[in-house]
Amino acid sequence: QVHLQESGPGLVKPSETLSLTCAVSGGSIRSNWWSWVRQPPGKGLEWIGEIYHSGSTNYNPSLKSRVTISVDKSKNQFSLRLSSVTAADTAVYYCARHMTGANTFDSWGQGTLVIVSS
Amino acid sequence: QSALTQPASVSGSPGQSITISCTGTSSDVGGYNSVSWYQQHPGKPPKLMIFDVTNRPSGVSNRFSGSKSGNTASLTISGLQAEDEADYYCSSYTSISTPLYVFGTGTKVTVL
């Protein structure tokens, strides 16, 4: 049973860079695609981007200019960086695993709330 | 890429069946058999309930079923139970210019 755990600062100042890490346990990061999804308080889900263990990435066009997703195979984890944040980036950030052979997310982390405020 | 359209709320009594719709376009819902449904209880992460339009992951009750017609996908919950009260989100894969995923606006299911 794979387990995903997000970690990172819960408070980020406007214009700075949000950085989060997703640690994967119970499975290898080499076996699937992995994504970040966020959810502003009281609102819906938004896909941020995905990464494969090879380093291949795809990003949501609406965030592409500010997003970088990277993978560290030695630590079995992947990371998110979102630059030039504003209050609109305040959200619960989830990491998720793509199901093998399907365009869907079958395992999710518990999520971490990031507040953008000075 | 705009969010998929879902009704804001749907309600039903225990034992009844309800259906949640998810309307997109020919570029997402209508163009791919990659529609998923997620259940989300307050303060919890989403849980996959249906993938590839009609498939249930192992462990998900067969009271949950999915379908699609044209640009609209649907989730039906039969034999509604109190534990089904939650938010439900649809999602579709799309690949207009780059692979990406789009979610629905979300539906609050209330068990009366």
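Listing for the model above:
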quantity	calculated
Dimensionless Rg ratio for region B:6-77, taking C-alpha atoms and the 2.2 N^0.38 Å reference	1.11
Region B:49-69 and region A:80-97: distance between their alpha carbon centers, rounded to Å	29
Cα-based Rg and Dmax for the protein assembly as shown, where Dmax is the largest Cα-Cα distance (Å)	17.3, 51
For chain A, the fraction of alpha-carbon pairs in successive 10 Å shells from zero, as %	15, 50, 30, 5, 0
Cα extents of region A:65-118 along the three principal axes, largest first (Å)	41, 22, 21
Ranked list, fewest to most other Cβ atoms within 10 Å of each Cβ, for A:Ser79, B:Ser27, A:Ser25, A:Ser35	A:Ser25, B:Ser27, A:Ser79, A:Ser35
J(HN,Hα) series, region B:73-90, from Karplus relation 6.51 cos²θ - 1.76 cosθ + 1.60, nearest Hz, glycine and proline x	9, 9, 10, 10, 10, 9, x, 3, 10, 4, 5, 7, 5, 5, 8, 10, 10, 9
Cα-only Debye scattering, region B:27-112: base-10 log of I(q)/I(0) at q = 0.11, 0.16, 0.20 Å⁻¹	-0.29, -0.61, -0.92
Relative contact order (%) - criterion: Cα under 8 Å, at least six apart; region: chain A	35
Extension gain (nm, one decimal) between A:Gln110 and A:Glu16, 0.36 nm per residue minus Cα-Cα	31.4 nm
Burial ordering of B:Asp87, A:Asp72, fewest other beta-carbon atoms within 10 Å first	A:Asp72, B:Asp87
Sorted by Cβ neighbour density within 10 Å, fewest at the top, the residues B:Glu85, A:Glu50, A:Glu16	A:Glu16, B:Glu85, A:Glu50
22 Å Cα-Cα threshold exceeded, pairs from A:Lys13/B:Lys108; A:Lys43/B:Lys47; A:Lys43/B:Lys44	A:Lys13/B:Lys108
Inter-site label distance for A:Ala88 and B:Ser26 at 7 Å from Cα along Cβ, in nm	3.1
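We did not get these values from a lab; they are worked out from the coordinates using the rules stated. For clarity, every value in this text was computed on a predicted model and none was experimentally measured. In this analysis, Cβ positions are derived from the backbone assuming ideal geometry, glycine residues included, and neighbour counts consider all displayed protein chains.
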